[in-house]
Amino acid sequence: MEDLRVNMDRFKVDFEALAQIGATGDGGVHRPAFSQAHLAARAWLKQSILAAELAFHQDAAGNISGLQAASPDTTRTLLIGSHLDSVPHGGRFDGALGVVTALEVLRTVREAEIPLPFNLEAIDFTDEEGTLVGLMGSRALAGTLSQEELDNPRGGKDALAEGLRRAGLADPLAASRRPADLAGFLEVHIEQGPRLIDAGADIGIVEALVGIGSYELVFKGRADHAGTTAMDGRRDAGLGAAALVVAASRKVRADYADCVVNFGNAAFFPGAYNIVPASAQLGMEFRAPNQSRLDMLEQELLALARQTAADNILSLELTRQACVAPAPCALQIQEAFVAACDRLGLKHINLVSGAGHDTQAMAAVCPAGMIFIPSTGGSHNPGEYASWEAVENGANTMLQAALSLIAAY
Ligand SMILES: [Zn+2]
């Protein structure tokens, strides 16, 4: 089994065929969830699954799978996959790489007639990118999607209803599975950043996907004439907000090298050139690799905000907003990836994913793990790129990790 490799000729044909569906002419694809191109990509995957003589399955959330059954019968399943949908005018690798890899891993295992202790399932998750509802398919399967979110989707209620109708779906929540039936989940994705290339590494083994906290902050001072009020006599809410942006950035650089903070939204009121701002509103988002760091960073940033308000004789209002819990990847799966890389002679590094992926949803209910391959050109744009060599390394690492899990079960 250690000598088994994916068939790259077949992989390339499939990957190129998929990249033509919704192609934008500049190397990218436009396949937002439930668009005509997305539905066409799903139809292509169904045909590919049937052609590979895998069992075809579609669930209530529109997740599409190819299955290779265990012997003897079991309800436990190891899932491998990613997503076929793209952001508007996105790239051809984001998501598609993971789906074609999953399909190729299953074909390779099937051809080698390897006895399976659990079912193997190659899966395409619906709307990972959140055109309508972020991580819709994976969270529906994990049972963590709520009716409330379906009632208030970020893409709009009408757009979601229309999309579900076009895909022939009625109740996505019915896709939820029993955690006891999930043996695990594996995903390969382009890195969408420079760390692997900077480190000269072939594979990034994801230790965790970051948790995200966000707050709205409002500093309140006093509106004054900007010409007749001395600098020392002001209670300038804008100055407080600006001081916090600088102080928070310094704090995170100095003491939280594994974290990030961002103030991506700001407004001063009343918002005139000649009035000292009476109030200043900031949108603050911060990310950390685990819950204790996230909690520590949150307390530190709030303390900094309060201190900044006090230093500038301002009052402060804080409103906690949507948060995402960090998702640690399962150790046994990280170890399977390490073993696979060692077997293949690939250089690997551990890293934390700063972005969300389907793995985040799956990690809530089963052992889940993820690898990155080196990519250039950023991501969520037509220029994202990974070499065939990198793609092959990723696919063989996924295959060998799956075989390790099969052997160890
Ligand atoms: Zn993706």
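The values are calculated or read from the model by the stated rules, or taken from the named source; none is laboratory data. Note that the structure is predicted; figures quoted are calculated from it, not measured. Every residue, glycine as well, gets a Cβ built from its backbone with ideal geometry; the counts of neighbours run over all protein chains shown. Note: areas computed on protein heavy atoms with side chains; ligands, DNA, RNA excluded. Shrake-Rupley method; radii C 1.70, N 1.55, O 1.52, S 1.80 Å.
The residue of the stretch 339-359 that is surrounded by the fewest Cβ atoms within 10 Å (Cβ to Cβ), among those that are polar (S, T, N, Q) and within 11 Å of the ligand (Cβ to nearest atom), is 353.
As a summary of the residue check, residue 113 satisfies the conditions (1) open to solvent by less than 40 Å² (accessible area, probe 1.4 Å); (2) acidic (Asp, Glu); (3) more than 16 Å from the ligand (Cβ to nearest atom); (4) not in a helix (DSSP H, G or I) except for the one numbered (1).
Applying the criterion of being closer than 13 Å to residue 248 by Cα, out of contact with any helix residue (DSSP H, G or I) (no Cβ under 7 Å at 6 or more places or on another chain) and among the aliphatic types (A, V, I, L, M) to the residues of the stretch 285-321, the residue that is surrounded by the most Cβ atoms within 10 Å (Cβ to Cβ) is 297.
Considering only residues in the stretch 64-85 that are of a type in the set (S, T, N, Q) and in contact with a helix residue (DSSP H, G or I) (Cβ under 8 Å, 6 or more places away or on another chain), the one that is nearest to the ligand (Cβ to nearest atom) turns out to be 82. Condition check for residue 271 on (1) in contact with a Pro (Cβ under 8 Å, 6 or more places away or on another chain); (2) closer than 14 Å to residue 213 by Cβ: one failure, at (2). Criterion first (over 26 Å from residue 149 (Cβ atoms) and among the charged types (D, E, K, R)) does residue 287 satisfy it? No, not satisfied.
Exactly one residue among 283, 213 is away from the ligand (no atom under 16 Å from the Cβ), more than 30 Å from residue 367 (Cβ to Cβ) and outside any loop (DSSP other than H, G, I, E, B), and that residue is 283.
Yes or no, residue by residue, for (1) in a helix (DSSP H, G or I); (2) touching a residue at least 40 places away in the same chain (Cβ under 8 Å); (3) in contact with a Leu (Cβ under 7 Å, 6 or more places away or on another chain):
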site: 47; (1), (2), (3): yes, no, no
site: 50; (1), (2), (3): yes, no, no
site: 56; (1), (2), (3): no, no, yes
site: 72; (1), (2), (3): no, no, no
site: 101; (1), (2), (3): yes, yes, no
site: 105; (1), (2), (3): yes, yes, yes
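Right, residue 186: within 23 Å of the chain's Cα centre (by Cα) and closer than 17 Å to residue 360 by Cα or not? Yes, satisfied.
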